[in-house]
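Input: a single structure, listed below in C-alpha cells.
The values are calculated or read from the model by the stated rules, or taken from the named source; none is laboratory data. Keep in mind the model is a prediction, meaning the values are calculated, not measured. Neighbour counts run over all protein chains shown; Cβ positions are idealised from the backbone, glycine included.
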Ligand SMILES: [Zn+2]
C-alpha cells in the first residue's frame, strides 16, 4: 500500500487539497481532503492523472511504423519521461504490407504488456490514412494514399485482432461515407483529417458517425468566411472532439484560443503528432519514406510542409497554461478528454476505484514522478 499526503490533487477538473491519496493493488482506494500521519509528505506537490497521447508516431528514434512490437514496447518505456501513461500508436500512410505488419505488431505489443505494463499503456492503433486526400497529404507519402476499401481495411482489423481504435479518413473521397458507417459499427472512432472537405461534406461525415478531427487546422480546409470548410464544421459540431497540436508552431496562439473557446475544454484533445526524430538532435531523418529535416526542433519536408512535431505532451499542457487556460482545463485536454475520445474512459481521471496512473508535478508543472498501475516508473 502506498500513502501520499499533503498533495494538491487535480482529478483533473476538481481540486482536492491538502489531499491524501492511498493506492493499493494498482488502484486508487482513497482520495480525500485530509492529512495522513503515516503518509509520505509531498509538501504541496501537484498530483494529476497521467497524460494520454492519442496521436503519436514515435519518439527518441522509436517508430510506430516499424512493424516491430519491440519498438512499440521501447516507446512505451520512454514516454513516461514526458508524463504519458497511455498512448495510441499512430501509423502514417504506408504500403499495404507495411500496414499489415504495423497492425500485427500492435496486437502483439498489447498482448505482451498485459495488465501490468512496464511503461505507458498501449491502447491500440490509430491508422492515419491511407484513405486521405492527396491534396492535403501534409507529410504523408502521396505514393501510398488510396481510396477507401473496406476489404483492405478488414485485413488490418483482423491483423490487429480488433485493436484499431481510430482511423483518420477524408470524407470527400468516393465511398468514404459508407466506409465511416461500417467502421463506426465496429466501435472505431473515425477522425476527419487530411481533407479538403467542404463544410457540408464534413457535416455528412459527422452524420455518418465521425466523432473526431485529426490535428484541427493542419492538413485541412481552413476557415474562410464564405467557405467555412472542415475545421469550422468540426468546431461547431458538439459530437466532435478536436485534436490540437499545441507546440505554438502548427497552430498560431489566437487560433488555439479560438478552438478552445469554441469547442470548450470537453471537446479539445491535446496531441503531439510527434515523430520518431522527436527527442533527438536536429538533423535529417525519414518519415514514411519521405526525407525530412528537423531544425530548431521543427520538422519539415523539403517543400517546407510541417512534418509532424517534436512536441511532448507535458510541454503542450504548459503551453496551453501559458495562453491563459486554467490548469484543470489544460490538464483535462491531455487526460480525461483524449481517454474518452478513444473509448478508454476508465483512464484519464483520479477517483477512488480507478486505476492509479498519475504524475507528481512541481509548481512549474515539471514532472517529478510517474506512477502506472500504482508502480513508480519515474
Ligand atoms: Zn500524424
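Among the residues of the stretch 65-89, write down those that are within 12 Å of the ligand (Cβ to nearest atom) and touching a residue at least 40 places away in the same chain (Cβ under 8 Å).
Hits for the stretch 65-89 are 65, 88.
Look through the stretch 168-211, keep the residues that are within 16 Å of the ligand (Cβ to nearest atom) and touching a helix residue (DSSP H, G or I) at 6+ places or on another chain (Cβ under 6 Å), and return whichever of them is nearest to residue 235 (Cα to Cα).
Step by step, filter the stretch 168-211, then rank; the result is 192.
What are the residues in the stretch 291-327 that are more than 16 Å from the ligand (Cβ to nearest atom), more than 16 Å from residue 256 (Cα to Cα) and free of Cβ contacts under 8 Å to residues at least 24 places away in the same chain, if any?
291, 293, 295, 296, 297, 302, 303, 304
Mind checking which residues of the stretch 216-232 are over 15 Å from residue 135 (Cα atoms) and touching a residue at least 24 places away in the same chain (Cβ under 8 Å)?
216, 227, 228, 232
Of the conditions (1) over 30 Å from residue 365 (Cβ atoms); (2) away from the ligand (no atom under 16 Å from the Cβ); (3) in contact with a helix residue (DSSP H, G or I) (Cβ under 6 Å, 6 or more places away or on another chain), residue 107 clears all except one; give me its number.
Failing condition for residue 107: (3).
Looking at 343, 353, 324, 374, which one is at positive phi and surrounded by 19 or more Cβ atoms within 10 Å (Cβ to Cβ)?
Step by step, each of 343, 353, 324, 374 is checked, and only 374 is at positive phi and surrounded by 19 or more Cβ atoms within 10 Å (Cβ to Cβ).
Test residue 56 against the stated conditions and say whether it is away from the ligand (no atom under 13 Å from the Cβ), at pLDDT 95 or above and crowded, with 18+ Cβ neighbours inside 10 Å.
no
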